[in-house]
2 protein chains.
Amino acid sequence: MAPEYKLIYWPQLPGRAEFIRLLFEEANVPYNDTGKGSSEEAVPAVTGIISPNKPPGSSNAPVLAPPVLQHGNLVLNQTPNILLYLAPRLGLGPADGDGLFRLNGIVLTLFDGFVDEVHDTHHPIAVQDYYENQKDEARRRSKAFREERLPKFMAFAQHLLEADSSGGGPWLYGGQLTYADLVLFQCIDGTLYAFPKTMKQLKESGKYDGVFRLYEAVKKRPRIAEYLASERRAKYSTGIWRHYPELEED
Amino acid sequence: MAPEYKLIYWPQLPGRAEFIRLLFEEANVPYNDTGKGSSEEAVPAVTGIISPNKPPGSSNAPVLAPPVLQHGNLVLNQTPNILLYLAPRLGLGPADGDGLFRLNGIVLTLFDGFVDEVHDTHHPIAVQDYYENQKDEARRRSKAFREERLPKFMAFAQHLLEADSSGGGPWLYGGQLTYADLVLFQCIDGTLYAFPKTMKQLKESGKYDGVFRLYEAVKKRPRIAEYLASERRAKYSTGIWRHYPELEED
């Protein structure tokens, strides 16, 4: 039987799709992932859905960028939106009520800091231009990120963990694992790859122990550990989280 | 009777709070707005809620940045999240089902292009530093924004309008006004202020007629027109949408 869910993304990159994959993997729900096929298959799957020439129809209006999730007739874009749709269906968030809005607020803030701002460290001037053509600006932006922004977002996550009065476990919300924890895991994992020296210093400061504890706790969950060790987990390369040693030099 | 909703934001700026205000104004629902009080009242209201020293409690965990919406015991942050919460309650989005996820995907994409990327045109290197200290980079980033990014996001909105097969009116989704239309209105209004020459060229190209038609249609709605003419509508100044003439020069 074909999987119920189809994930459309560029091939061979963790990227924004990685957040969605982690939900499916933790929930043990099968999904069709174009990003795991060959480039010959994956690239047209993406360009077909973001093309301005897509046939009209409000249920399949063009989207600006992948990842895209297809579920039945529904076509969804924007990663935090896809996660919000999936979380209650996969048992990784409350089915209704105010809790899901609290989680969505947390997730959108994590994306601001650990996805969008990390991306802009290597592309501060022009998304569509090469890194090499904005390298000096990338160094300046990275310095501001390492010294001001990253500690700010780390402190935000740490404060959330300290403020949650529900106790029980290392999790962000309500004393049990939710999709927000999987999001924070990926944020930290990607940032450890991109800025290893900086993250080592932040860890050794002892100010963010809750964040690193959560990171390790997610990493050790059986299905996540199995996934991370598998070939399904794409290697970091030239996506959002890139490692340029010069961006950690002053 | 005190309003049911409280909006917490910096004083005297449209900013991200403006999206939230437009929903309340169109729905004719009263709201308490700290941004409309004096700075002596508004600033502590904001800093009190974003402070890392807030007392613990999962329902009022610290938030990173305003705007914040208080509704009963619920404290929400992140503008697209607040809009998603409010839209069905204010009659500006479907109460359930897939439609709200389609709208959220549209709104998140509009925020990427017309809020976050517009902000970065004047702050490409460091959020916390002055514009004057990143002026050269701002010129380069603005050029890329004007030539590549802005037309891309304008085309996205235009394609959505053309793809909606439900007909009836100038709206983005389902043939009736939703909160996504109010969001697109504010995106265009802010960008017209920041980049008037560029937007004039885009309008004259005739490629985005649907977008400008929607903009005018929202502007003429009686409650929106009344609001825009009132003193409640803050003037643009040094927020997200800033007008620096040099950022439209090549």
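The values are calculated or read from the model by the stated rules, or taken from the named source; none is laboratory data. Model, not experiment: these values are computed from the prediction. A quick note on method: Cβ atoms are made from the backbone with ideal geometry, for glycine too, and the neighbour counts reach across all protein chains shown. Ligands, DNA and RNA are stripped out before the accessible areas are found, and what is left, the full protein with its side chains, is counted by its heavy atoms. Shrake-Rupley method; radii C 1.70, N 1.55, O 1.52, S 1.80 Å.
General observations
- Estimated vicinal HN-Hα couplings, Hz - segment B:141-157 in sequence order (Karplus 6.51, -1.76, 1.60; Gly, Pro = x): 5, 5, 4, 5, 5, 5, 8, 10, 6, 4, x, 5, 6, 5, 5, 4, 5
- Segment B:143-250 gives an Rg/Rh value of 0.98, both radii derived from C-alpha positions and Rh following Kirkwood.
- Accessible area, probe 1.4 Å, largest first, for residues B:S142, B:S38: B:S38, B:S142
- Pairwise label distance in nanometres, A:L74 with B:K235, each label 7 Å out on the Cα-Cβ vector: 4.6 nm
- Each copy carries A:E132; placing its label point 7 Å along the C-beta direction from Cα gives inter-copy distances of 3.7 nm, listed from smallest up.
- Full extension of the segment from A:E216 to A:M1, taken as 0.36 nm per residue of separation minus the current Cα-Cα distance, would add 73.9 nm.
- Dipole magnitude of segment B:5-90, debye to nearest 20 (Cβ charges: Lys/Arg +1, Asp/Glu -1, about Cα centre): 220 debye
- Buried area at the A-B interface (accessible, heavy atoms, 1.4 Å probe, summed, Å²): 4600 Å²
- For the protein assembly as shown, DSSP calls about 75 percent of its internal beta bridges antiparallel.
- Each principal axis of the Cα cloud of chain A was taken in turn, and the coordinate range along them, longest first, works out to 52, 48, 32 Å.
- Per the Cα gyration tensor, segment A:131-171 maps to an equivalent ellipsoid with semi-axes of 34, 9, 5 Å, ordered largest to smallest.
- Accessible carbon and sulfur surface of segment A:37-188 relative to its total accessible area, %, 1.4 Å: 48 percent
- Where both bridge residues fall in chain B, DSSP classifies roughly 75% of the beta bridges as antiparallel.
- Estimated at the nearest 10 Å², the accessible area of B:K200 is 120 Å² with a 1.4 Å probe.
- Pairwise inverse Cα distances across segment B:89-191, averaged and inverted, put the Kirkwood hydrodynamic radius at 15.1 Å.
- Accessible surface for B:L177 stands near 20 Å², nearest 10, in the context of the full protein assembly shown (1.4 Å probe).
- Across A:K36/A:K200; A:K36/A:K235; B:K143/B:K235; B:K143/B:K207; A:K6/A:K36, pairs whose alpha-carbon gap is larger than 23 Å: A:K36/A:K200; B:K143/B:K235
- Cβ-placed point charges (K, R +1; D, E -1), dipole of the protein assembly as shown about Cα centre in debye, nearest 20: 260 debye
- A:D96 exposes around 120 Å² of accessible area when a 1.4 Å probe is run over every protein chain in place.
- Solvent-accessible surface of the protein assembly as shown, taken per residue with a 1.4 Å probe and all protein chains present: 41 Å².
- Going by accessible surface with a 1.4 Å probe and the largest first, A:R89, A:R213, B:R16, B:R149 read A:R213, A:R89, B:R16, B:R149.
- Derived scalar couplings ³J(HN,Hα) [segment A:190-205; Karplus, 6.51 cos²θ - 1.76 cosθ + 1.60; whole Hz; x for Gly, Pro]: x, 6, 4, 5, 6, 10, x, 5, 5, 5, 4, 4, 5, 5, 5, 5
- Net charge dipole, chain A: roughly 260 debye, given to the nearest 20, about the Cα centre with Cβ charges of +1 for Lys and Arg and -1 for Asp and Glu.
- Kirkwood analysis of the Cα pair distances in the protein assembly as shown returns a hydrodynamic radius of 23.3 Å.
- Label geometry 7 Å along the beta-carbon vector: A:K197 inter-copy distances in nm: 4.2
- DSSP bridge orientation in segment B:5-90 - percent antiparallel, rounded to nearest 5: 75 percent
- Each of B:L228 and B:V29 was given a label point 7 Å from its Cα along the Cα-to-Cβ line. The distance between the two points is 2.3 nm.
- Karplus-derived HN-Hα couplings along segment B:221-234 (A = 6.51, B = -1.76, C = 1.60, θ = phi - 60°), whole Hz, x at Gly and Pro: 4, x, 6, 5, 4, 5, 5, 4, 7, 8, 6, 5, 6, 6
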